[in-house]
Each structure stands twice: as structure tokens, then as C-alpha cells.
1. Just for helices (runs of 4 or more DSSP H) wholly inside segment 362-474: which have at least 2 residues that are among the hydrophobic types (A, V, I, L, M, F, W, C), modelled with pLDDT under 95 and over 27 Å from residue 342 (Cβ atoms)?
2. Tell me yes or no: at least one residue of segment 259-270 is of a type outside the set (Val, Ile, Thr), over 32 Å from the mean Cα position of the chain (by Cα) and not in a helix (DSSP H, G or I).
3. Scanning segment 333-366 for residues that are within 21 Å of residue 225 (Cβ to Cβ) and among the small types (Gly, Ala, Ser), which turns out surrounded by the most Cβ atoms within 10 Å (Cβ to Cβ)?
4. Return yes when residue 243 is in contact with an Asp or Glu (Cβ under 8 Å, 6 or more places away or on another chain), more than 21 Å from residue 350 (Cβ to Cβ), in a loop (DSSP other than H, G, I, E, B) and in contact (Cβ under 8 Å) with a residue 24 or more places away in the chain and no when it is not.
5. What residue, of 276, 266, 323, is closer than 24 Å to residue 242 by Cα, in the same structural domain as residue 365 (by TED's automatic domain parsing) and among the charged types (D, E, K, R)?
6. Which residues, counting only those in segment 86-109, are at pLDDT 85 or above and farther than 12 Å from residue 68 by Cα?
7. Can you tell me which residue is nearest to the chain's Cα centre (by Cα) among those in segment 44-71 that are closer than 29 Å to residue 246 by Cα and surrounded by fewer than 18 Cβ atoms within 10 Å (Cβ to Cβ)?
8. Quick one: in segment 72-117, of everything that is touching a Lys or Arg at 6+ places or on another chain (Cβ under 8 Å) and part of a strand (DSSP E or B), which residue is surrounded by the fewest Cβ atoms within 10 Å (Cβ to Cβ)?
Amino acid sequence: MTSYDQKHKIISGISHFFMVHGMAKTLISWLGRTDLQARTQAERVGLGPIAQAVGVRGFARLELLCDYPRDEAEPYMVWLREQHPVEIVPHFITLTSPVHFGEIYENASRVVSDAIKKNKGTDELTFHLSPGTPAMAAVWIILAKTRFPAELIESSREHGVRTASVPFDISADFIPDLLRKPDEELERLTAGLPPEAPEFSCIIHRSPDMKRVIARARRVAPRSIPVLIEGESGTGKELLARAIHRASPRRNKPFVAVNCGAISPELVESELFGHEKGAFTGAVSVRMGFFESAHGGTLFLDEVGELPALAQVKFLRAIQESEIVRVGASSPIQVDVRIIAATNRTLTEEVSQGRFREDLFYRLAVIVLLLPPLRERPGDLGPLVDHLLEQINRESETEPGFEHKKLSVNAKNILLKHDWPGNVRELQNTLRRAMVWSTGATIRLEDVRDSLFPTPRGQSGEENLLGFDVLQGIDLPAIIDRVSRHYLGMALEKTAGNKTRAAELLGLASYQTLTNWMKRYGVKA
């Protein structure tokens, strides 16, 4: 028996003894750069924080979180076992950044939870603060002081291994300014809510409804389950789908977008699943379908409600079995794709009318995200106008005669008053037209008016209140009464009856002013 085998047998025996007698001490730690260097540069850096702690404290088990490549981490673990008889349980983790607070928290809390369940809560837990980044140390402190009572230790070559006495007010001395979080962020982390994700920063929003949608999208992004996005045309369904993909573990794999409504019914099967050479007239070579192209990544099916009935059957089988059969072939091909579907229809109504398969609907609608139209996103229009205008300015910089454009106050006001039946896409195209029509650096009121399409009367069940012919006579008090009741009711609904917040949304001075308006127009909370 080799020396390594003898030591491994000793490790297993010690671990078993501790488990039987319920006395196991478990160290949970990130793998740090100094630890890796200790394997080959011990004379310069010493044993490193982890080996030092294991040797002094006699831990039976080490739960090791590794965000380094396996070819760097695994030789270190072999070396560490040669130094000390300790059972090592590796957890290989991919972080977008070693200082991404939310990702670190989620992975660390998962490892601790799993370790407690595996060992039936009998182990004494210790978190090591020294290896890794300051963000990793900060998370260990939060976990030890909130969800998982544990000893905190730190180690160095100069001072050895010692218990870290850290008060709950961790922001005072230990965490650098960069990692200081407001109370609401700490509450979010300890409640297990999803972290802020930069992948969603391209979706400009302030309204409560959009905040709710984005929070749910962030929560579902790491999980490879189907998502169905419903919303009117132009609400940004593909933009949201791409953000979900970028925030998922599949981010480095393909994102394949398919407009189902643009595919000829005769070619749907070939486009989705591919075909063999000679499968039909015109099939002069083997062709890979969208499923194969998206292997390992995300397949985004826009306007999925447009799929023909026959294609729905084969599409359902592809999702259920994770395999496809090319047209003209007999052997199936295994595929690994995440499905994100989108539609401007209400699929439950399509199912009830027999136009969409019920079993396929339930396969796609594991998670349903409903994007609200722009007219139902109070507070979002202003920031969107500014963002899109700046985006169009950047895109136009290389065009001949480019001049940076800005909106006049009157021009922006008319944009803010428009209903935008075409949603964000219509707003973006209107701004593009207005920039073309404007002759100077400022987009004027007339430029915007010339760029707007007239809103059809009766759209969304409401008449265009700015479109009446005053020469025919109008009832102005009735129009004002109607508008006031509509927006008072909407503001109270969106704020769940919070009068102070509703007054802010409506531009009223205070909740008392709002109450007076409610009495005047007969609106009840």
C-alpha cells in the first residue's frame, strides 16, 4: 500500500469515527490564491490559510468552494491531503466575478445548507475568512451572524490561526467601503432573494409592475426550465429573453432566436429540426435545424402561437424527449436546449379555442412572465425616452453629417402624453423619425408631431381624448372628469391604496390634495 493510500485510509477512518460519535468539526472555506501558491512556493508563502487551519485545529472535513479551474484546484487538494488527514469535499463554482456579492452569497449559503443536511446538523461549523476576496469574507460574516451560527477564523503566517471576533455591525471596520450595503440589501440577501443582475440593466424601468417582472426573471434565470413571455407587440419580449439567457449558466452557449410566424408552414419541421440530403426537393445538403444550433444554449421562439398544429405535435415531443429527428432521417439526435417562448396572444384563450395544444402549453408555461404595455408602466416613459434617444445618438455617430440631438421641453411633453399602442418599439421608431425630420441640434414639437402615427379611436377601449374636433363642440368638463377618475383609480390600484405614493405618481402635492381630488370626482380607495 502506498503512503498516499495509507493516509487516505486514515482520513476515512477518522471521518467515520467523528460521524459515529457526532463530534465532527467541519471547515468551510473558499480556495484562495495563497493556498494554491503554497503547494509550490511554501518557502515564500508558508502553508497557506487553509492548510494552516486544518493542521492547527484538526478539522475532520473541509467543504472547499473553488472558483479556480479544476487543473489548478485538484493538485492542491492532493497536496493538502498529503499534509493533513482531512476529508475534502470540493464544490467547483463558476462566478462571473470574484467580488459579485449576490453570486457569492447564493453559492456559499447553498454549500452550507447541503453540508448541514448531509451531516444531519451534528457538525461544528467553522467559516474561514482569510482565503478569497473581501466580498467572500463579508458573506461568511453575514451567514454566521444570521442564518448559520458558526465560528469565524482567520489565519496568517505571522499570527497563526485565531478566532475572529466580529461584531454584528460588520460595516464598521471589517468590510471595505466598496462592500457596504444598505439595510435593504442585507435583508434581500438573508431572505434569499435574487441578486441584482447587470444582465438586466438594459431593460429601463421604474414602475412597480416592471420591477416585479424583472425580479421574477432574475430568479428564474439560473434554472434551465421553460419560460413563456406574454405581452403586446413591442413590449421587449426578446430583450427580456436575451437578458435571462445572459444571466444563466448557459450564457457562453448560443442564443438562437426564431420568429415562428415568419416560417412557411411547409418548412417549419425542416427549420426547427433540420433535414438530411435528398429528404425533399431542394434538400441538396444536410442542414442543421434551430434545435441543434442552440445545443447547450437557449432557443427563443417568438410568436410561438403561430406554430401550425402538426409542428406543435413534433415540437412537444422534442421538448419531452430532449431529442429531435431530422427530416429524412430515422435516428434521433440528443439536444440540450432551454426553451424561452414568447407570444402577443393569450395562449390560454388559444387553447380554449382549439388553436394551440393544451399539453404543449403546459410544457412551455412552467414560468409565465407577463410584460405590461407601456401605457401601464407609470414612471417608465421619461427614462425610456432619454435612454432610447441617447442610444440612437450613439448609433448615428458614424453617419454623414451627424449632429447630436436633444429634445425640447415641448417635444418631450407630447411624447409623454402619447398612448404608445406600439409600445417601446413604436417609441424608438418615432424618435428615429423625429431625429431625421429635425434640422438642428434640438428636436422640436413640430418634429415629434410629424413623427407620430395617429392613435385610432376606440383603441384599447378608450377614445383618443386629444383627437376631438373642437369646431364640432366638446364637453370639456366631462372629458376632464373622465380623465381624472381614470388616473386617480389607476394610481390607487398600482400603489395598493397608498395615498402618499399615489399622490407622487400623479404629481399632486400631498396625500391630502389627493383626498380632495378623490372627493371631487367620486373616487373611492
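The values are calculated or read from the model by the stated rules, or taken from the named source; none is laboratory data. Nothing here was measured: the structure is a model prediction, and the numbers come from that model. Ideal geometry is used to build each Cβ from the backbone, glycine not excepted, and the neighbour counts take in all protein chains shown.
1. On the way: elements: 381-395, 409-417, 423-437, 445-451.
Here the list reads 409-417, 423-437, 445-451.
2. yes
3. 341
4. Details: in contact with an Asp or Glu (Cβ under 8 Å, 6 or more places away or on another chain): yes; more than 21 Å from residue 350 (Cβ to Cβ): yes; in a loop (DSSP other than H, G, I, E, B): no; in contact (Cβ under 8 Å) with a residue 24 or more places away in the chain: yes.
Spelling it out, it is not the case that residue 243 is in contact with an Asp or Glu (Cβ under 8 Å, 6 or more places away or on another chain), more than 21 Å from residue 350 (Cβ to Cβ), in a loop (DSSP other than H, G, I, E, B) and in contact (Cβ under 8 Å) with a residue 24 or more places away in the chain.
5. One residue alone meets the criteria, 323.
6. 86, 87, 88, 89, 103, 104, 105, 106, 107, 108, 109
7. 69
8. Selected residue: 92.
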